[in-house]
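Here's the structure, in structure tokens; my notes come after.
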């Protein structure tokens, strides 16, 4: 064996090894950046969906503190969802059109993530005066809601409508949350562990439900 040739080759081999490691690292970082979900701020969203009070906000939008009551009469706040990825929607128990598909799809997602403690679900009643705790409990049983995984909530109408319009940007119409106000939307909204919006989906469409699963996989990589 030509030891002289071998010794001369060592620097070249070292260079190739270092170059390969750097190349792989850069490639992985580029791939990770490509797969990162967008962080939505009011400026990025259809202006018709954004309340005028936050319309020009370009960064740092997060879901505000909230306090609701779930199907078991328990207080549900932003603390309940602290450190969790969750999917939010707006519904009412007497709805006989889009809410049926939305509830079915949410229950299917609940099954998919049944053993994943990072993922939770949050539904807000848009007719909170009608949807009392007892009615929500009956609805939750019929829809297969798992306590601690999916909260079906009621509360102050003004508070819920404020969340829909100024925080989740889930509805196109305008209103004040008074007794004559009413919202109806098929939107599912994906929220990350920092309470930031990471995606909007049509909760009645199977394609969008599959996209939610794909996007949650991408989002979870940010925390690994």
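Bear in mind that the values in this text are calculations on the coordinates, not laboratory data. The shown structure was predicted, so the numbers you read here are calculated from the model rather than taken from an experiment. Neighbour counts run over all protein chains shown; Cβ positions are idealised from the backbone, glycine included.
Annotations
- Among 219, 37, sorting on how many other beta-carbon atoms sit within 10 Å of each Cβ, with the fewest leading, yields 37, 219.
- q = 0.17, 0.22 Å⁻¹, the stretch 73-159: log10 I(q)/I(0) [Debye, one scatterer per Cα]: -0.67, -1.14
- The residues 196, 36, when put in order of fewest to most other Cβ atoms within 10 Å, stand as 36, 196.
- One way to sum up the overall shape of the stretch 40-117 is the equivalent ellipsoid from its Cα gyration tensor, whose semi-axes run 26, 18, 15 Å, largest first.
- Once the chain from residue 104 to residue 36 is taken as fully extended at 0.36 nm per residue, the excess over their C-alpha distance is 21.7 nm.
- Ranking of 159, 124 by neighbouring Cβ atoms within 10 Å, starting from the fewest: 159, 124.
- FRET efficiency, residue 84 to residue 17 (Cβ-Cβ, R0 25 Å, nearest 0.05): 0.05
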